[in-house]
Amino acid sequence: MSFFEPLPPPPPEREQQWAPPAWDRPSEGILPAALPVNALLYQNDDVAVAIDRLDVYPNGFSISLVILFNPHKAREISAVVHRGGPHMWPRIGVRFADGTTAGRSPGSAACSRWRRTTTASPSNRCYG
């Protein structure tokens, strides 16, 4: 007879959850430095496209792209974009100071991972 109670059995090993690699996501536990850009990229009577800001992390950055629709045509334009799927969404590419590029090849589009938020206003924001 032992003085101590027997130890409980060890908990079952949990299956490790998948997480994107460090280079493909914002740094964990770090607030980004927000760099205001406020650049209007395209505008016509139906839509305006702008880069609002860059959120800069030690391992990369994210681009805040803002698309504003004409409120009188927002449903019509949004329906066309959604029917076309990711091929109708904007593609963003960057060229770095050393000449390397990112986001230019069709396989590098991250549209399927983008979280899209919609509100009652005629604007759509995609964060990737």
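The values are calculated or read from the model by the stated rules, or taken from the named source; none is laboratory data. Predicted, not measured: the structure shown is a model, and the values here were computed from it. Virtual Cβ from ideal backbone geometry, glycine too; neighbours counted across all protein chains shown.
Here are a few things to note about the model shown:
- Residues in the stretch 64-87 include none that are surrounded by fewer than 10 Cβ atoms within 10 Å (Cβ to Cβ), at positive phi and not β-branched (Val, Ile, Thr).
- Qualifying residue in the stretch 72-87 (condition: part of a strand (DSSP E or B) and of a type in the set (Ser, Thr, Tyr)): no
- Close pairs from the stretch 1-25: first closer than 26 Å to Asn59 by Cβ, partner exposed (fewer than 10 other Cβ atoms within 10 Å of the Cβ) and of a type in the set (Asp, Glu), Cβ under 9 Å, at least 6 apart: Ala22/Glu28
- Among the residues of the stretch 1-49, those identified as of a type in the set (A, V, I, L, M) and part of a loop (DSSP other than H, G, I, E, B) are Met1, Leu7, Ala19, Ile30, Leu31.
- If you filter the stretch 27-53 down to residues that are modelled with pLDDT of 90 or more and surrounded by 16 or more Cβ atoms within 10 Å (Cβ to Cβ), you find that the one that is farthest from Thr101 (Cα to Cα) is Ala48.
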